[in-house]
Amino acid sequence: MQIKIAPSILSADFSAMGEAIKKIELCGADLIHCDVMDGTFVEPITFGGQMIKNIRKLTKLPLDAHLMIEHPKTQVKFFAAAGADIITVHYKACKKISDTYLEETLALIKSYGVKCGAVVNPDVPVENIFPVFPLCDIVLLMSVYPGYGGQKFIPGALDKIKKAREYAVNIGRPELDIEIDGGVTMQNAAQIREAGANVLVAGSAVFGAEDMAEAIAALRR
Ligand code: DX5
Ligand code: ZN
């Protein structure tokens, strides 16, 4: 499977975002991972659709909007209009509202022609989102508790990746994108890829590197 590296702009300098976007594109990024936080689902607040809209003009790379927000269904229209190519929503935020909210939100994302995905936190079994795998273009497994960049990878995520890949194969979707987010480094990238993840989010490992192109290449190989 093609390995895709998705630098997370959470680790970029927000006052120089345009430069950061151009730089990661030049350095070989496959996607741009945009961490949207609302101060409620997770403590910090980052940015909303306006940031996606502005970034959209600067790059041809797909924009991967990771919505760490409550009531994601009410926000989908803004991120779709802003030009997101992928929108992922958290199982926990949806489950809180109703048993069908996750499915409804994924269907709404698709109705805009945008790729959709479900996200599970480290303490949620991946099995909980198996029922929506057929609806998902991508599945995002958190390997840290969301909210902050620069945290340590939680090793239990490796087993979840394996289960997710196995299940995707079983339902006839062997090529399903399985994305891992949090604490990805040059040291653990090989294990993560071997477990079956093919989309690797990396914030500090890319933006903290002296040579971003080399960091992206190292995460990929
Ligand atoms: C955490 C975010 C991640 C974060 C990853 O809540 O969802 O995307 O930016 O950062 P690193 O790679 O530094 O763990
Ligand atoms: Zn993220």
Residues satisfying the stated conditions in region 35-50, i.e. out of contact with any helix residue (DSSP H, G or I) (no Cβ under 7 Å at 6 or more places or on another chain), hydrophobic (A, V, I, L, M, F, W, C) and surrounded by 13 or more Cβ atoms within 10 Å (Cβ to Cβ): V36, M37, V42, F47
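Just a yes or no: is a residue in region 169-176 of a type in the set (G, A, S), loosely packed, with under 14 Cβ neighbours inside 10 Å and either touching a helix residue (DSSP H, G or I) at 6+ places or on another chain (Cβ under 8 Å) or part of a loop (DSSP other than H, G, I, E, B) (or both)? Explain how you work it out, then say what you get.
First pass over region 169-176, keeping only residues of a type in the set (G, A, S): 172.
Now narrow it down to the ones that are loosely packed, with under 14 Cβ neighbours inside 10 Å: 172.
If we keep only those that are either touching a helix residue (DSSP H, G or I) at 6+ places or on another chain (Cβ under 8 Å) or part of a loop (DSSP other than H, G, I, E, B) (or both) as well, we get 172.
So far as region 169-176 goes, yes, one or more of its residues are of a type in the set (G, A, S), loosely packed, with under 14 Cβ neighbours inside 10 Å and either touching a helix residue (DSSP H, G or I) at 6+ places or on another chain (Cβ under 8 Å) or part of a loop (DSSP other than H, G, I, E, B) (or both).
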Any residue at all in region 74-91 that's within 16 Å of ligand 2 (Cβ to nearest atom), in a helix (DSSP H, G or I) and not acidic (D, E)? yes
In region 175-191, residue nearest to ligand 2 (Cβ to nearest atom) [restricted to those that are touching a Leu at 6+ places or on another chain (Cβ under 7 Å) and over 16 Å from V120 (Cα atoms)]: V184
In the set L140, L219, L108, L158, which member is within 16 Å of ligand 2 (Cβ to nearest atom) and in a helix (DSSP H, G or I)? L219
Could you grab me the full set of residues in region 1-47 that are among the hydrophobic types (A, V, I, L, M, F, W, C) and in a strand (DSSP E or B)? I5, A6, I32, C34, V36, M37, I45
Between T105, T100, which is surrounded by fewer than 17 Cβ atoms within 10 Å (Cβ to Cβ) and modelled with pLDDT of 95 or more? T100
Here is a list of conditions, (1) surrounded by fewer than 23 Cβ atoms within 10 Å (Cβ to Cβ); (2) under 14 Å from F207 (Cα atoms); (3) touching a residue at least 12 places away in the same chain (Cβ under 8 Å); (4) away from ligand 2 (no atom under 11 Å from the Cβ), and I5 meets all of them except one; can you say which number that is? (1)
Picked from region 205-221 (must be surrounded by fewer than 20 Cβ atoms within 10 Å (Cβ to Cβ) and within 29 Å of F133 (Cα to Cα)), the residue nearest to ligand 1 (Cβ to nearest atom) is R220
Given the structure, is G117 at pLDDT 95 or above, among the small types (G, A, S), more than 16 Å from H33 (Cα to Cα) and within 16 Å of ligand 1 (Cβ to nearest atom)? no
Examine region 120-130 for a residue that is within 16 Å of the chain's Cα centre (by Cα) and part of a helix (DSSP H, G or I), and state whether such a residue exists. yes
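The values are calculated or read from the model by the stated rules, or taken from the named source; none is laboratory data. All values derive from a computational prediction rather than experimental measurement. With ideal geometry, Cβ positions are generated from the backbone for all residues, glycine too; neighbour counts draw on all protein chains shown.
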